[in-house]
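See below for the structure under consideration.
The values are calculated or read from the model by the stated rules, or taken from the named source; none is laboratory data. The structure presented is a predicted model; accordingly, all values stated were derived computationally and were not measured. Ideal geometry is used to build each Cβ from the backbone, glycine not excepted, and the neighbour counts take in all protein chains shown. Note: accessible area is taken over every heavy atom of the protein model, side chains too, but ligands, DNA and RNA are not part of it. Shrake-Rupley method; radii C 1.70, N 1.55, O 1.52, S 1.80 Å.
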Amino acid sequence: VEKLLEQLKTIQAEVSDLDAVANLLDWDQQTYMPAGAAEGRGYHLATIQRLSHERRTSPEVGRLLEQLEPLAAGLDPDSEAACLVRLAQRDFHKRTRIPPAMVAEAAQLISAAFQAWQQARSENNFALFQPYMERVVDWRRRYADLFAPYDHIYDPLLDDYEPGMKTREVQAIFDDLRPRQVALIQKVAARPMPDDAFLHQYFEPQKQWDFAARVITAFGYDWRHGRIDKAAHPFSISFGVDDVRLTTRVLPDFLNTCMFGTFHESGHGMYDQGIPLELNRSLLGNPASYAIHESQSRLWENLVGRSLPFWEHFYSDLQRTFPAQLGGVELRAFYHGINRVKPSFIRVEADEATYNLHIMLRMELEIALVEGSLAVADLPEAWNARMQDYLGLTPPNDAQGVLQDVHWSNNYMGYFAAYALGNLISAQLWERITADLPGLPEQIRQGQFDELLGWLRRNVHAQASRYEPQALVRRITGSGIDAGPYMRYLEGKYGEIYGL
Ligand code: ZN
């Protein structure tokens, strides 16, 4: 077994290197690459990605897995060897089932669909995007069928992001969450809305940047193995545990974007930095899932970064940084302003109370599209009807409605659920953390985060991809992914702010 495992690990390390190189090229493309270099970069990326695909689906891997599978069956399922074989099987079987012609078709579709989406959005005309969206849905239906039999046609799509999770499970979680979240928003809407005009003033970009950097340094983001740069669409990206980079965006006339965006990305980054060094370049050294990843970013952005104890420490620093803008704004008023609840059309601008409804809407529509119960032509109308049901708003046009997200034009389906599940998991972890670390609120009030980060390192980061997301959440919290803690968190927080 040892010898076979060593051979498998060697191949995985090479694959990991190729993927890291592809990520580095992608990072450069989104930060510093001159605009005229796009075509050449497309070739570089395509070649590296092809090499990675060929290596991980090579007959050699198939032979190794054939020999290892029966041997691994006799091992403790939680052992490193058993996990490694399981993950390698999954990767191999998923990737070898997609015919090369479908991969090529998807690449062509994405470049055409993305252009059409950009034009449709700028001209505010869904009809321009509709034929491409029809092809995306058709491709995704054929993709799901490669993995038949399934309980639900959406399962194979979801599984790419949340290994092992079933559509029915997510639907049950969301069915529990939706009415409670709608009821909370309605209660909040009946109360006076806090003022947040002070957030919309001129804030010198360099000072915003420096403040965010001071905060994430206190969080524990490791600059020796990371850096931060500007990008139009902020993200965090890993080239291995020793190099995990962040990007952010600064708006001169709005304080929240850089601040909370940077906190958010640092949560992603600290997760990737927390993967144990001995798992670096291994298939075991990946994050558990997109939802688990998002739980880390949301925890630092919201549970920490939008909390009162956090601002009891950091508000004096922020006021010193921007005395003219914030000198006259009391801590409480600031805290209420950054936590204002206001239903809006755009997902990425949504507050904590309304965000999940944007996600549920998207997932329900995706499911209906791949099931065939909703025609693409009827998508804008279905979108607007749900916006009205959940948030009490009807988008004035498709650009602020069905055309707002880039995901579908990139042939992504099954991804959105991770955003809402990540919120739920962040609150589940938080209940566990505050039970384990009773001194945490006081530590946060002192600007100390080492015990919190240490807890996350031990319980979440160190597990890497050893467990599927549901199993990991169950191991840490004692229950599967559940809406209860998130609703308790929201009701407690907004109950206090809005006097409900
Ligand atoms: Zn995120």
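Find the relative contact order for the chain and round it to a whole percent, using C-alpha pairs within less than 8 Å whose residues are 6+ positions apart. Before the final figure, lay out the partial values.
Numbers: 682 pairs, mean separation 100.2, N = 500.
Value for the chain: 20 percent.
Give the angle, between 0 and 90 degrees and rounded to the nearest 10, that separates the Cα long axis of helix 2-31 from the longest principal axis of the Cα atoms of the chain.
Its long axis makes an angle of about 50 degrees.
What FRET efficiency, computed as 1/(1 + (r/R0)^6) with R0 = 22 Å and r the Cβ-Cβ distance, is obtained for residue 13 and residue 33, rounded to the nearest 0.05?
Efficiency computed from Cβ-Cβ geometry: 0.20.
Among 272-281, 292-301, what's the highest-first ranking by average C-beta atoms within 10 angstrom per residue?
Values: 272-281: 18.4, 292-301: 26.3.
Highest to lowest by the protection proxy: 292-301, 272-281.
What per residue convex hull volume, in Å³, comes out for the range 1-138 when only alpha-carbon positions are used? Can you show the working numbers first?
Details: hull volume 20.9 nm³, N = 138.
Dividing the Cα hull volume of the range 1-138 by its residue count gives 151 Å³.
Of 400, 415, 444, which is farthest along the charge dipole of the range 396-488 in the positive direction, counting Lys and Arg as +1 and Asp and Glu as -1 at C-beta?
Result: 444, furthest along the dipole toward the positive end.
Take each of the peptides 312-323, 36-47, average the number of other beta-carbon atoms within 10 Å over its residues, and list them starting from the highest. Show your work: numbers first, answer last.
Numbers: 312-323: 15.7, 36-47: 11.7.
Descending mean neighbour count gives 312-323, 36-47.
Just from the alpha-carbon atoms, what are the Rg and Dmax of the range 362-500 in angstroms?
19.4, 55
In Å², and per residue, what accessible area does the range 1-113 have when probed at 1.4 Å with the other protein chains present? Show your work: numbers first, answer last.
Working: 6340 Å² over 113 residues.
The answer is 56 Å² per residue.
Please sort 259-268, 54-63 by packing, taking for each peptide the average over its residues of neighbouring beta carbons within 10 angstrom, highest first. Kindly include the intermediate steps, with their values, before the conclusion.
Values: 259-268: 25.2, 54-63: 14.8.
Answer by packing, highest mean first, reads 259-268, 54-63.
Stokes-Einstein at 37 °C, 0.692 mPa s, Kirkwood radius from Cα pairs: D for the chain in µm² s⁻¹? Present the calculation step by step, with values, prior to reporting the outcome.
On the way: Rh = 24.1 Å.
My calculation gives 136 µm²/s for D.
Between rounded, prolate and oblate, where does the range 18-86 land on the alpha carbon gyration tensor, with a ≥ b ≥ c its root eigenvalues, rounded for a/c under 1.5, else prolate if a/b exceeds b/c?
Numbers: a/c = 7.82, a/b = 2.59, b/c = 3.02.
It is oblate, given that a/c is not under 1.5 and a/b is not larger than b/c.
May I ask you to give the percent of accessible area on the range 10-127 that is carbon plus sulfur, with a probe radius of 1.4 Å?
Details: 3680 of 6590 Å².
The C+S portion of the solvent-accessible surface of the range 10-127 is 56 percent.
In debye, nearest 20: dipole of the chain around its Cα centre with unit charges on the Cβ of K, R (+) and D, E (-)? Before the final figure, lay out each step's value.
On the way: 49 positive and 66 negative charges, 63 e Å.
Roughly 300 debye, rounded to the nearest 20.
Once Lys and Arg get +1 and Asp and Glu get -1 on their Cβ, which of 361, 470, 221 lies farthest toward the positive end of the dipole of the chain?
Result: 221.
Below 20 Å, Cα to Cα, which aspartates and glutamates can residue 493 reach? Residues fewer than 8 away in the same chain don't count.
176, 195, 196, 301, 312, 330, 349, 351, 352, 431, 442, 482
Mind checking the per residue accessible area of the range 333-428 for me, 1.4 Å probe, whole number of Å²?
Per-residue accessible area for the range 333-428 comes out at 28 Å².
What is the range 134-190's relative contact order, in percent, from Cα pairs under 8 angstrom and six or more apart in sequence? The partial results should precede the final answer.
On the way: 22 pairs, mean separation 10.7, N = 57.
Here the relative contact order equals 19 percent.
For the range 91-195, list log₁₀ I(q)/I(0) at each q in 0.13, 0.18 Å⁻¹, using the Debye formula over Cα point scatterers of equal strength and ignoring solvent, two decimals each.
Each listed q maps to, in turn, -0.75, -0.98.
Against the empirical 2.2 N^0.38 Å scaling, what ratio does the C-alpha Rg of the range 322-430 come to?
Values: Rg = 17.0 Å, N = 109, 2.2 N^0.38 = 13.1 Å.
Rounded to two decimals, the normalised Rg is 1.30.
Can you tell which of 335, 305, 345 lies farthest toward the positive end of the dipole of the range 281-365, using +1 and -1 charges on the Cβ of basic and acidic side chains (Lys, Arg; Asp, Glu)?
Of the options given, the answer is 345.
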